[in-house]
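Contents: one structure, followed by commentary.
The values are calculated or read from the model by the stated rules, or taken from the named source; none is laboratory data. Because the structure is predicted, anything quoted here is derived from the model rather than measured. With ideal geometry, Cβ positions are generated from the backbone for all residues, glycine too; neighbour counts draw on all protein chains shown.
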């Protein structure tokens with residue numbers, strides 16, 4: 001029976017990784033779309049959202065079934081709880097990608113002026129955080145997960161700088177207001193992706209070490 005239980009745990013992990021691939025793909029698409037203004041990439045993100053939502057429900061059900069029927073303890077219980085949390089964060093990352101795709105479509109319909117914000121760098125950093133957090137989950141590597149937490153400050157700073165710079169640009173060039181507002185929404189969504197990556201890393205630490213490092217508790 002325990003062999004079957006651990007087989008089911010492996011299946012739960014694999015299903016989460018399938019969902020993670022879909023989410024990472026969505027992030028890659030919006031980064032590329034912002035870089036080249038390709039609206040077809042945005043449409044691909046929008047069309048992929050139902051699959052992410054469906055997988056979230058399926059993974060939650062599988063995890064809840066394991067909790068109800070197996071009554072796991074210790075590290076196995078922490079693993080299932082972490083999967084449920086990570087699953088929710090991945091779905092929200094998918095939502096952020098959809099939000100970004102919609103803003104890119106809006107920008108691409110209007111004349112595009114240079115803005116004083118490095119959205120490409122912000123997107124790259126946010127994506128790297130997600131990939132590293134997921135790799136720490138694959139490897140059960142708490143040290144790698146901790147490294148994700150240290151990346152969040154840079155993402156937050158770029159987002160804050162963007163808010164200041166774009167606000168000033170709106171004041172100096174009112175005709176750029178809509179483009180700048182869309183850019184602000186994009187930067188905010190990339191910053192939120194970084195936050196979700198941080199959450200995933202914290203859940204990996206909880207699973208592997210049994211330590212709650214949320215809200216800067218017990219961080220090293």
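Observations
- Exclusive hit being surrounded by 18 or more Cβ atoms within 10 Å (Cβ to Cβ), closer than 30 Å to residue 179 by Cα and touching a helix residue (DSSP H, G or I) at 6+ places or on another chain (Cβ under 8 Å), set 12, 90: 90
- Output for region 57-83, where each listed residue is buried (at least 17 other Cβ atoms within 10 Å of the Cβ) and under 23 Å from the mean Cα position of the chain (by Cα): 59, 62, 63, 78, 79, 80, 82, 83
- Residue count for region 165-218, restricted to those that are under 16 Å from residue 82 (Cβ atoms) and in a helix (DSSP H, G or I): 15
- Applying the criterion of being in contact with a helix residue (DSSP H, G or I) (Cβ under 7 Å, 6 or more places away or on another chain) and over 11 Å from residue 103 (Cα atoms) to the residues of region 161-185, the residue that is surrounded by the fewest Cβ atoms within 10 Å (Cβ to Cβ) is 177.
- Set 20, 33: member being surrounded by 19 or more Cβ atoms within 10 Å (Cβ to Cβ), out of contact with any strand residue (DSSP E or B) (no Cβ under 8 Å at 6 or more places or on another chain), at pLDDT below 95 and part of a helix (DSSP H, G or I): 33
- The condition (being in contact (Cβ under 8 Å) with a residue 60 or more places away in the chain and farther than 20 Å from residue 94 by Cα) is satisfied by just one residue among 208, 204, 130: 208.
- The test for being surrounded by 13 or more Cβ atoms within 10 Å (Cβ to Cβ), at negative phi, over 19 Å from the mean Cα position of the chain (by Cα) and touching a residue at least 40 places away in the same chain (Cβ under 8 Å) does not hold for residue 213.
- The set of residues from region 47-56 being loosely packed, with under 15 Cβ neighbours inside 10 Å and either touching a residue at least 24 places away in the same chain (Cβ under 8 Å) or in contact with a strand residue (DSSP E or B) (Cβ under 8 Å, 6 or more places away or on another chain) (or both) comprises 51, 53.
- Qualifying position, being touching a helix residue (DSSP H, G or I) at 6+ places or on another chain (Cβ under 8 Å), under 23 Å from residue 201 (Cα atoms) and surrounded by 18 or more Cβ atoms within 10 Å (Cβ to Cβ), among 122, 115: 122
- Within region 147-160, residues that are within 16 Å of residue 133 (Cα to Cα) reach partners that are modelled with pLDDT under 95 and surrounded by 19 or more Cβ atoms within 10 Å (Cβ to Cβ) with beta carbons closer than 8 Å, at six or more positions or on different chains, in the pairs 149/213; 155/122.
- Qualifying residue in region 134-143 (condition: surrounded by fewer than 16 Cβ atoms within 10 Å (Cβ to Cβ) and modelled with pLDDT under 95): no
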